[in-house]
Amino acid sequence: MSVSLHQLEKALSALQTANKIWHRSAQGSDDELTQTARSGTIQNFEVAYEQSWKLLKRWMQHYLGVQDSEVTQRRQLFRIAAKHGLIDDVEQWWRFHEARNKTSHVCEEQVAKDVALVASSFIVPCGVLVAMLKARSDLPDPLPDTSAAK
């Protein structure tokens, strides 16, 4: 059994597209288009972020044998991921987590602007995560633990 990266790749692609449209629209004078594109960036960030940490958790459990109890807290998940070279900066990923938690409050203009900027900055680290997981997904599936059967 392998861990599929397809959903995360799809979510990241949607985020990249929305972000590109948002930045293009911000150069014009159509505020409605800019706000709609920014909302699309925020929504696609939500999806991509959720996909990324959930996939990261499944991947580490499958390939590294990390136990569910070791990653019940998100910050711990990021620490373990950094320890294994899957992400570079735990604090950066924590900021992504905090921004994701604010996405339900984007009706406030300043919060929406702040979250959208964080969403833009998520694209590169998420792409790096995908590349790292792809590069290391050729690891053999772990052998089943037979110690419990004895």
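Nothing in this text is a laboratory measurement; each read-out follows from the coordinates by a stated rule. This is a predicted model, so every value here is computed, not measured. Cβ sites come from the backbone with ideal geometry, for glycine too, and all protein chains shown count toward neighbours.
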TODO: Work out from phi, with θ = phi - 60° and the Karplus expression 6.51 cos²θ - 1.76 cosθ + 1.60, the ³J(HN,Hα) of each residue of segment 69-78, listed in order in whole Hz, and give x for Gly and Pro.
DONE: 5, 7, 10, 6, 9, 4, 4, 5, 4, 5
TODO: Return the whole-Å distance between the Cα centroid of segment 99-125 and the Cα centroid of segment 3-23.
DONE: 15
Open item on the list: Could you order the peptides 119-125, 107-113 from most to least packed, using the average number of other C-beta atoms within 10 Å per residue?
Closed with: 119-125, 107-113
TODO: Per DSSP H run of at least 4 residues, take -39500 (n - 2.57); add these up for the chain, divide by its residues and hand me the 222 nm value, nearest 500 deg cm²/dmol.
DONE: -24500 deg cm²/dmol
- [ ] Report the label-to-label distance for Arg75 and Ser121 in nanometres (one decimal), using points 7 Å from each Cα along the Cα→Cβ vector.
- [x] 1.8
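Could you please tell me the mean projected area of the C-alpha convex hull for the chain, averaged over all directions and given in square nanometres to one decimal? Each step should come with its number before you reach the end.
On the way: hull surface 38.8 nm².
Taking a quarter of the hull surface, the average projection is 9.7 nm².
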Task: Vicinal HN-Hα couplings computed from phi for segment 45-62 (Karplus, 6.51 cos²θ - 1.76 cosθ + 1.60; Hz; Gly/Pro x) - done: 5, 3, 5, 5, 5, 4, 4, 5, 6, 5, 5, 4, 4, 4, 4, 5, 5, 6
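By how many nm would the segment from Lys54 to Val111 lengthen if fully extended, with 0.36 nm per residue of separation less the alpha-carbon distance? Can you show the working numbers first?
Values: separation 57, 0.36 × 57 = 20.52 nm, distance 2.48 nm.
That works out to 18.0 nm of additional length.
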TODO: Kindly write out, for segment 86-96 in residue order, the coupling ³J(HN,Hα) from the Karplus curve 6.51 cos²θ - 1.76 cosθ + 1.60 (θ = phi - 60°), rounded to whole Hz, with x marking Gly and Pro.
DONE: 8, 10, 8, 9, 4, 5, 4, 5, 5, 5, 4
